[in-house]
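**Student:** Input: one structure, supplied below.
The values are calculated or read from the model by the stated rules, or taken from the named source; none is laboratory data. In this text, all values refer to a predicted model and were calculated from it rather than measured experimentally. Ideal geometry is used to build each Cβ from the backbone, glycine not excepted, and the neighbour counts take in all protein chains shown. What goes into the accessible areas is simple: the full protein's heavy atoms, side chains included, and nothing from ligands, DNA or RNA. Shrake-Rupley method; radii C 1.70, N 1.55, O 1.52, S 1.80 Å.
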Amino acid sequence: KVNDTVTLTGENLGKESVAAVFLSDDKDDFKATLVDQAADKIVMKVPQTKVGGYNISIQVKDRILILPLKFSVTE
């Protein structure tokens, strides 16, 4: 749900690697608020979006990389 906190886990997720996290659909990228960030996890708040399916994207330097992860926002 919008404003819920979600934890993403993986590698190379620290501030020196990942500048931002987005939920992306076919048209737009919705920037998430990062609550906590470490090398192995990112805690984010679900951004204000419509209900539906999204990809998770990360910003590394000046590039946005769409990850093969599906994310659903519910009411």
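**Student:** Considering only Met44, Gly10, Val21, whose Cα is most displaced toward the positive end of the charge dipole of the stretch 1-49, charges sitting on Cβ of Lys, Arg (+1) and Asp, Glu (-1)?
**Tutor:** Among Met44, Gly10, Val21, the one farthest towards the positive end of the dipole of the stretch 1-49 is Met44.
**Student:** Once you have the Cα-Cα distance between Glu11 and Lys31, take 0.36 nm times their residue separation minus that, and quote the gain in nm to one decimal.
**Tutor:** That works out to 5.2 nm of additional length.
**Student:** Sequence gap at least 6, Cα distance under 8 Å: using those rules, report the relative contact order of the chain to the nearest whole percent.
**Tutor:** Relative contact order for the chain comes out at 35 percent.
**Student:** Another question about this same structure. Which value, in debye to the nearest 20, gives the size of the charge dipole of the chain about its Cα centre, when Lys and Arg are +1 and Asp and Glu are -1 at the Cβ?
**Tutor:** Approximately 60 debye in magnitude.
**Student:** Once you put a point 7 Å from the Cα of Asp62 and another 7 Å from the Cα of Thr74, both along the Cβ direction, what distance in nm separates them?
**Tutor:** If labels sit at Asp62 and Thr74, their model points lie 4.1 nm apart.
**Student:** Of the labelled options (i) 40, 24, 16; (ii) 37, 29, 22; (iii) 32, 22, 17, which one gives Cα extents along the principal axes in Å as computed for this structure?
**Tutor:** (iii)
**Student:** What does the accessible area of Asp29 come to, in Å² to the nearest 10, when a probe of 1.4 Å is used?
**Tutor:** 80
**Student:** Next up: Counting other Cβ atoms within 10 Å, keep those with at most 13, restrict to DSSP loop, and tell me which trypsin sites (Lys or Arg not before Pro) in the chain are left.
**Tutor:** Loop-located and lightly packed - Lys1, Lys15, Lys27, Lys50, Lys61.
**Student:** Would you grab the residues whose amide H sits under 5 Å from the one on Val2? Only those 5+ places off in sequence or on another chain, please, with H modelled 1.01 Å from N.
**Tutor:** When sequence neighbours closer than 5 places are left aside, the close amide H contacts are Thr74.
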